[in-house]
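For reference, the structure is listed below as structure tokens.
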Amino acid sequence: DAARRFTDASRRASAKLSRHYETLDFARWESYTLKQDICSKIEAMNSAETPDFVKFAKELQELRERWKTLGAVPKEKNEEINNRYLECSRQLQHKIDEYFSNRRQERKQAVADKLALIAEAEKISVSTEWNVTAAAFKELQAKWKDIPRAGNEENELYKK
């Protein structure tokens, strides 16, 4: 009788354990599919014809956070999906970093150009030749408008 009860309990436990492992396996494949979707989105951003790197930077961060919340994938797919993710996210991050680096350089150049215009304006500000001075100021204003914005320093430079 004890042997029969043990066999029955063992079968029930084995069935529950089997269902548990099937559930885990299903969850791993679901995570794999979701991670593939993330990789596809990043790859689409990498190949965008007109990239919006400000938007992409935010989206990449959100996708990275999403990636972290997903569970494990099947062992046979782990290396494949991780390598794909690392490669496409590195490529996009490199493009984003390059874009923001160029923007910083443009802003630095804009600050320098606007400081040069300010120096010119200060030189002619003491002139009493009103017509010539007014024309020179209009020319400086036109040049100012052609120079890109200088970021956070723009208002300060404009006041000068």
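Collect the residues in region 1-59 that are among the hydrophobic types (A, V, I, L, M, F, W, C), open to solvent by 70 Å² or more (accessible area, probe 1.4 Å) and within 30 Å of E79 (Cα to Cα), keeping them in residue-number order.
L17, F26, W29, listed by residue number.
Which of the numbered conditions does F26 fail, given that it passes all the others? Conditions: (1) under 28 Å from N82 (Cβ atoms); (2) without any contact (Cβ under 8 Å) to a residue 40 or more places away in the chain; (3) not in a helix (DSSP H, G or I).
(3)
If T50 passes every condition in (1) among the β-branched types (V, I, T); (2) in a helix (DSSP H, G or I); (3) more than 30 Å from D25 (Cβ to Cβ) but one, which one does it miss?
T50 satisfies every listed condition except (2).
Counting just the residues of region 91-137 that are open to solvent by 70 Å² or more (accessible area, probe 1.4 Å), assigned to a helix (DSSP H, G or I) and of a type in the set (D, E), which one comes out nearest to K58 (Cα to Cα)?
Top of the filtered list is D97.
Which residues, counting only those in region 68-82, are surrounded by 11 or more Cβ atoms within 10 Å (Cβ to Cβ) and part of a helix (DSSP H, G or I)?
Residues satisfying the conditions are K77, N78, E80, I81, N82.
The values are calculated or read from the model by the stated rules, or taken from the named source; none is laboratory data. Quick caveat: nothing in here was measured; it's all calculated off a predicted structure. Backbone-built Cβ (ideal geometry, glycine too); neighbour counts: all protein chains shown. Protein only, heavy atoms only, side chains kept; ligands, DNA and RNA dropped before computing areas. Shrake-Rupley method; radii C 1.70, N 1.55, O 1.52, S 1.80 Å.
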